[in-house]
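In what follows, a single structure is set out as C-alpha cells and then discussed.
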Amino acid sequence: MKAFLALAMLGLGAVACSAQDARERPLRVVTLSTVLSEIAREVGGDHVVVVGLVRPGVDPHTFNPSPADIRAVADADVVLASGLSLETYLDRLVAGSGSNARVLAVGDALPSPISMPGAPGDGEKDPHWWHSLNDMMLATDIVRAEFTRARPACAVGFSSNARAFQARIQSLKAWAAGEIDKLPPGRRHLVTSHDAFGYLARDYGFEVHAISGLSTDSEADARHLANLVDLVRRENIPAVFAEDSANPRLVENLVRETGVRLGATLYADGLGPVGSGAETYEAMFRHNVRAIVEALSAP
Amino acid sequence: MSLHDLLIAPFSYEFMRRGLLSAMLLGVSGGLLGCVLVLRRLALMGDALSHSLLPGVAVAWLLFGTSTSALFFGGLVAGLLTALGSALLSRLTRVKEDAAFGSLFIVFFGLGVALISKLPTRINLADFLFGNVLGVGASDLRLAGAVSAGTVSLFAIFYRSILLETFDPVFHRATGGRGGLVHLGFLTLTVLNLVAAMQTMGIVLALGLFLLPAVSAYLWCDRFISMLLLSIAFAIAGSVVGILVSFHAGLASGAAIVLCLGAVFLVSVLFSPRYGAFRALRLGSVRPPAG
C-alpha cells in the first residue's frame, strides 16, 4: 500500500511539473562523483540532464579534468561535488571554465561529518560520506533543495522523487543492519587500502585500520605497516580488503605476511563500471556489506 | 629501547626484509651505473627517463590490462627507444646527446599524456607505474635479483671497456674498442635497472639510489674502482639506515632512504677533504665550474 502511494505520488508529481514547466529546458547538472550522478538522476528525473565527469573506476583523489570536462562545467547550471576537500581541483576547475553555475559541495552541507583526529583547528574531514546511508538520505535532500531552488515549478516532482529514493535507501538500511548483525562485535575490524570507510564504521561499530590515509595519494610508512601486521595477528582478524581504485600491492604484502584472507574488492571511492555488480549505489553498498560480512565471518 | 629493538626487531617483519633486500640489490647495480652516469654527465638521464616510460605503460595497459610483466615491458620498450634513440641521434646528427635526450623524452611524455586521456577509464597509471618499497612482492624481488646480478656480471666482464669508454672514449676507439656498442649496452642496462627499480620501489627511491651514492663517492675518490665500491657501500648503508628510520620515525620509506642518502651527499659535498665546499672556501680557491 505504501509503495502504491509512493508510486501514485511520483506520477502526480511528474505530471504537475511537466504541465507547469513545459517550456523550460532541463536543468544541466555536472557531477564530480558517480554517487552524486545517481542522486541527481533519481531526484531530477526528466527535468535534469546529468553529466558525470569522474567515471566509474577513476580515482577521484587524483582526477584530472580534460578540456571536454571544463566545457561541460562551463555549460552547467549546477555543479555537484562530494565536498569536504575531496575535489582539491574544484575551485580551479570552476574558475577556469568561466562557468556561472551554482557549485554545491554536498558533503560540506552535511550536519555531522567525521573529523580526523590530530588535525589542528578546523580539522580535516573525512569526505567519503556516501558510505553512511543516513548521510546518503541527507545528501538526497540537499540535492533536492538545490534543484527546487533552480526549478521551483518542479518542486513537487523533485520531492516525491527524493522520497522514493530515500525509501529505497531506508530498506537498504534495514537489510544492511540485518547482515552486519551476523558479525560478532569482536570481529568488526576493517583493514583496507586507504581510509575510506570511516562512515560505514561509525554507523555499524567497526574499527577502521587503513594502510594509507584519507587520500589514495599518501604513502604508507614501515612503522604503520608493522603495526597493522601486529594488529591482524593480535586480534585474529580473519580478512583484509583491497579497493577498486587503489594499488593492491601493500594489501597483498599484508596477506603474504600474516596469512590472512583477502576479501572481495571493495568499492571505496564511487560506483563500479558496468558489469561489475556495483554499478548503482544500492548494488555498490550491498556488494561492500556482503563482501565484509562474508570475509569477516569466515571461521 | 634496546639495541635489539632498534636494529633487529624491525626485520622480524617479512615486508621489511623484502623491501631492504630489493633496495640493496638494486642499490648495488644502481651504485655502479650511477658512477658512470655521473662521470659521463648523464646524471639527469634517470629523471628524464622516468617520464618517457609513460606511453609504453599506457599502450601495455590498453593491450594487456594491469599485468605487472606487461607494464614492465611496455615501460622498458619506451625507455629503450628514448635512450637508444637519443644516443643514435647524437651520433648521426649535429644534436648533442643531452639535447637529443631532452627532446625525445618530452615528446614521449606528451605522447603518454595524450594516450592516457584516451584510455577508457582515466585510472591512475602512476599507481601502476611506480611501486613502493614496502609493497615488494616475490616476483618483484626475483626481478630485482636478476637485474642486479646481470648488471654486476656485465660490469665485471666488460670492466676495461667501460673504464676506457668513460674516461677516454677517443683513445678507446683509436685502440680498436667498440665504443658505440659499449655505450649502447650501458644505456640499455641503465634503462633496465631504472624501470625495474621504479616499478618495485617507486620513482623517488629509484632515482635516489642511482644518483646520490655515486655523486657522494665522486667527492671522496680519485680511482674509478674505489668510487664504484664506495658508491655501492653508500647505497647499501643508506638503504639499511633509511628503512630503519622509516620504521622508527614513521616516515614514508622510499623518501626516508633517499633522505639518508641525501645526508651522505650533503656531508660529502661540504666536508670532503679534497673536493668539498669548506676546503674551497678556506683556501679561497673557488674553482670555475669544471668544463
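Nothing in this text is a laboratory measurement; each read-out follows from the coordinates by a stated rule. All figures in this text were calculated on a predicted structure; none of them were measured in a lab. As a convention, Cβ positions derive from the backbone with ideal geometry for all residues, glycine included, and neighbour counts pool all protein chains shown.
A few points about this structure:
- Loop-exposed trypsin sites (Lys or Arg not before Pro) per DSSP, neighbour cap 14 Cβ within 10 angstrom, longest uninterrupted part of chain B: B:97-177
- Cα-centre dipole for chain A with unit charges at Cβ (Lys and Arg positive, Asp and Glu negative), debye to 20: 740 debye
- Taking a straight line from the alpha carbon of A:Lys125, these aspartates and glutamates sit under 13 Å away, with near neighbours fewer than eight places off in the same chain left out: A:Glu87, A:Asp108, A:Asp195.
- Across peptide B:12-24, the mean count of Cβ atoms from other chains lying within 10 Å of each residue's own Cβ comes to 3.
- One equal scatterer on each Cα of chain A, no solvent, Debye formula: the resulting log10 I(q)/I(0) at q = 0.11 Å⁻¹ is -0.69.
- Result for chain B in a Gaussian network model with C-alpha springs under 10 Å: among B:Ala48, B:Ala214, B:Ala174, the largest mean-square fluctuation is at B:Ala174.
- Relative to the Cα centre, the charge distribution of chain B, modelled as +1 at Lys and Arg Cβ and -1 at Asp and Glu Cβ, gives a dipole magnitude of about 700 debye.
- Alpha-carbon centroid distance for the pair the range B:143-206 / the range B:42-58, whole angstrom: 17 Å
- Dipole of the protein assembly as shown [Lys/Arg +1, Asp/Glu -1 at C-beta], most positive-end residue of A:Pro238, B:Gly145, A:Thr258: B:Gly145
- Residues of type aspartates and glutamates that A:Lys173 reaches as a straight line, Cα spacing below 13 Å, ignoring anything fewer than 8 places off in the same chain: A:Asp135, A:Asp181, A:Asp203, A:Glu282
- Selection from B:Ser90, B:Leu7, B:Leu115, by position along the positive dipole direction of the range B:1-145 (Cβ): B:Ser90
- As a size descriptor, the averaged projected area of the C-alpha convex hull of the range A:159-248 was calculated at 7.4 nm².
- Of B:Asn132, B:Leu44, B:Gly31, farthest towards positive along the dipole that unit charges on Lys, Arg, Asp, Glu beta carbons give the range B:1-158: B:Leu44
- Put simply, the amide H of A:Val49, placed in the peptide plane, has neighbours under 5 Å in A:Leu27, A:Arg28, A:Val29, leaving out anything fewer than 5 places away on its chain.
- Dipole size of the protein assembly as shown about its Cα centre, with +1 on Lys/Arg Cβ and -1 on Asp/Glu Cβ: approximately 1520 debye, rounded to the nearest 20.
- When peptides A:246-252, B:29-35, A:256-262 are sorted by average Cβ neighbour count within 10 Å, with the highest value leading, the order is B:29-35, A:246-252, A:256-262.
- Within chain A, helix-based [θ] at 222 nm, where runs of 4 or more DSSP H residues each add -39,500 (n - 2.57), nearest 500: -15000 deg cm²/dmol
- Taking A:Glu146, B:Glu14 and counting other C-beta atoms within 10 Å, the order from fewest to most: B:Glu14, A:Glu146
- With a 10 Å cut-off around each Cβ of A:245-257, the average count of Cβ atoms from other chains is 5.
- Distance histogram for the range B:3-283 (every C-alpha pair counted, 10 angstrom bins, percent rounded to whole numbers): 7, 28, 33, 23, 8, 1, 0
- Sorted ascending by nearby beta carbons within 10 Å, beginning with the fewest, B:Val267, A:Val73 become B:Val267, A:Val73.
- Shielding value for A:220-232 is 6, the average number of Cβ atoms from other chains within 10 Å of each residue's Cβ.
- Here the protein assembly as shown is described by how far its Cα atoms reach on the three principal axes: 96, 59, 48 Å, from widest to narrowest.
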